[in-house]
Amino acid sequence: MRRVPLQRRRSVPDPCTYDYAIVRVVPRVERGEFVNVGAIVSSDAESYLAARFAVDESRLRALDPRIDMTAVRTALAAIAAVCDGGAAAGPIGRLTLRERFHWLVAPR
């Protein structure tokens, strides 16, 4: 069996875990219907916290034609601001990444 010289061996990066939460819009709570509109992803090891959204207005309007899309966009922007941290997120923006993630995904 031939050995590969050390300089040619591939290094395997340390495994890194991520936590995530799916963001849903529930136009009418009493009906229990929802549309997934994005995700929040967090990794302590990578110092990473971000949210990404893709809102399908037609699907939301199919569930509730009177849905306030401005309110939906405002709520999603608030989630993104908390992920980014800083003054724009208010007092919550001063929390650590982990604390902000847990604040965002805490049951209401």
Checklist entry - Quick one: is Ser42 surrounded by 16 or more Cβ atoms within 10 Å (Cβ to Cβ) and modelled with pLDDT of 95 or more? => result yes
Next on the checklist: Looking only at segment 66-89, count every residue that is part of a helix (DSSP H, G or I), farther than 17 Å from Arg24 by Cα and open to solvent by 50 Å² or more (accessible area, probe 1.4 Å) and tell me the total.
Outcome noted: 3
Next on the checklist: Show the residue pairs meeting these rules: Cβ distance below 9 Å; 6+ apart or different chains; first residue within segment 67-94 and modelled with pLDDT under 95; second residue of a type in the set (Asp, Glu) and open to solvent by 50 Å² or more (accessible area, probe 1.4 Å).
Outcome noted: Ile92/Glu99; Gly93/Asp84
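The values are calculated or read from the model by the stated rules, or taken from the named source; none is laboratory data. Here the structure is a predicted model, which is why all the values come from computation and not from measurement. Neighbour counts run over all protein chains shown; Cβ positions are idealised from the backbone, glycine included. These area figures cover heavy atoms from the full protein model, side chains too; ligands, DNA and RNA do not enter into them. Shrake-Rupley method; radii C 1.70, N 1.55, O 1.52, S 1.80 Å.
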